[in-house]
1. Can residue 225 be described as surrounded by 15 or more Cβ atoms within 10 Å (Cβ to Cβ), in contact with a His (Cβ under 7 Å, 6 or more places away or on another chain) and either on the phi < 0 side of the Ramachandran plot or not polar (S, T, N, Q) (or both)?
2. Against the condition in the same structural domain as residue 241 (by TED's automatic domain parsing) and either in contact (Cβ under 8 Å) with a residue 12 or more places away in the chain or not hydroxyl-bearing (Ser, Thr, Tyr) (or both), how does residue 181 come out, does it pass?
3. Looking at the stretch 109-124 only, could you name the residues that are buried (at least 24 other Cβ atoms within 10 Å of the Cβ) and within 14 Å of residue 193 (Cα to Cα)?
4. Report yes if some residue within the stretch 188-196 is closer than 13 Å to residue 96 by Cα, hydrophobic (A, V, I, L, M, F, W, C), surrounded by 15 or more Cβ atoms within 10 Å (Cβ to Cβ) and free of Cβ contacts under 8 Å to residues at least 12 places away in the same chain; otherwise report no.
5. Please specify each residue of the stretch 7-43 satisfying the condition of being of a type outside the set (Asp, Glu), outside any strand (DSSP E or B) and touching a Leu at 6+ places or on another chain (Cβ under 9 Å).
6. Identify the residue in the stretch 60-93 that is among the polar types (S, T, N, Q) and part of a helix (DSSP H, G or I) and, among all such residues, is nearest to residue 178 (Cα to Cα).
7. Does residue 168 satisfy the criteria of being outside any helix (DSSP H, G or I), among the hydroxyl-bearing types (Ser, Thr, Tyr) and not assigned by TED's automatic domain parsing to the domain that holds residue 70?
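The values are calculated or read from the model by the stated rules, or taken from the named source; none is laboratory data. Since this is a predicted model, take the numbers as computed values, not measurements. Note that we place each Cβ from the backbone using ideal geometry, even for glycine, and neighbour counts take in every protein chain shown.
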Amino acid sequence: MEMITSADGTPIALDQTGSGPPLVLVSGAMCGRRADEAIANGLADRFTVLSYDRRGRGDSGETGPYAVEREIEDLSAVLDAAGGSAVVVGLSSGGALVLLAAAAGLPITTAVTWEVPYRTDDAGRRSAADYRRRTDELLAEGRRGEAVMLFLRTVGVPEPAIHGMQQSPFWVEAEKIAPTLAYDAAVLADAAVPVDRLGRIACPTAMFTGGASPALFAAAAEGAVAALPDGVHRVLPGQTHDVNPTVLAAAVTDAVGLRS
């Protein structure tokens, strides 16, 4: 583990593994570098992978008040550690952060996303707004466990599985990083495809979705690609939101033009 410092002084923990061109891995909600270790290892055969704990998670620090701009600065610091520029792969809501960072002009050579949860329908955007409002309320009241349960139910985790999680060591860490649920909600904003921002992205962008995932992910990717100057949407057959690391690694390799 290495510690670097973001622009506002927040310490950011990162791991580096593998060899090849630099690649930064950005986690989604309720995840950090350890949760994404299998994906990092899958990419490490072809890339030098830098995976980091986003602020407020794992071994990274926290400096308030939160703003999406601070997370973009964190990613900028990781890119500096990678040598100044890199391929950047964002998972789920982490993909939304990657797109915002690319739109802000960070030195991303290729932006890759996995199933960004934008919503292209009115009902979906209303649901996302309600989730964000309720999450903010629960966290303001200190009800971290309930905020975690709300997230898990929202993403479709069955009740028996949630109950099992509550009895496991996972729950202690989940409650610890529960405030970051509000961060991911802020990154997604109103959950609509940010057409104007995506139009400012200069780097090639590949948006991947799974063939066995809910249709909303493919619809979101198609909506985003329509706004991107240099974007492509590719469906990975048989994959769900819990993507196979080997399959994703091969897709990323193809997207950046490396030989498998």
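1. Yes: the conditions hold for residue 225.
2. No.
3. First, pick out the residues of the stretch 109-124 that are buried (at least 24 other Cβ atoms within 10 Å of the Cβ): 111-116, 118.
Across the stretch 109-124, the qualifying residues are 113, 115, 116, 118.
4. yes
5. Selection gives 20, 21, 27, 28, 29, 30, 31, 33, 39, 40, 42, 43.
6. 93
7. Against the criterion (outside any helix (DSSP H, G or I), among the hydroxyl-bearing types (Ser, Thr, Tyr) and not assigned by TED's automatic domain parsing to the domain that holds residue 70), residue 168 qualifies.
Yes/no matrix, rows are residues, columns are (1) of a type in the set (S, T, N, Q); (2) out of contact with any Pro (no Cβ under 8 Å at 6 or more places or on another chain); (3) not assigned by TED's automatic domain parsing to the domain that holds residue 109:
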residue	(1), (2), (3)
201	no, no, no
206	no, yes, no
214	no, yes, no
220	no, no, no
229	no, yes, no
246	yes, yes, no
249	no, yes, no
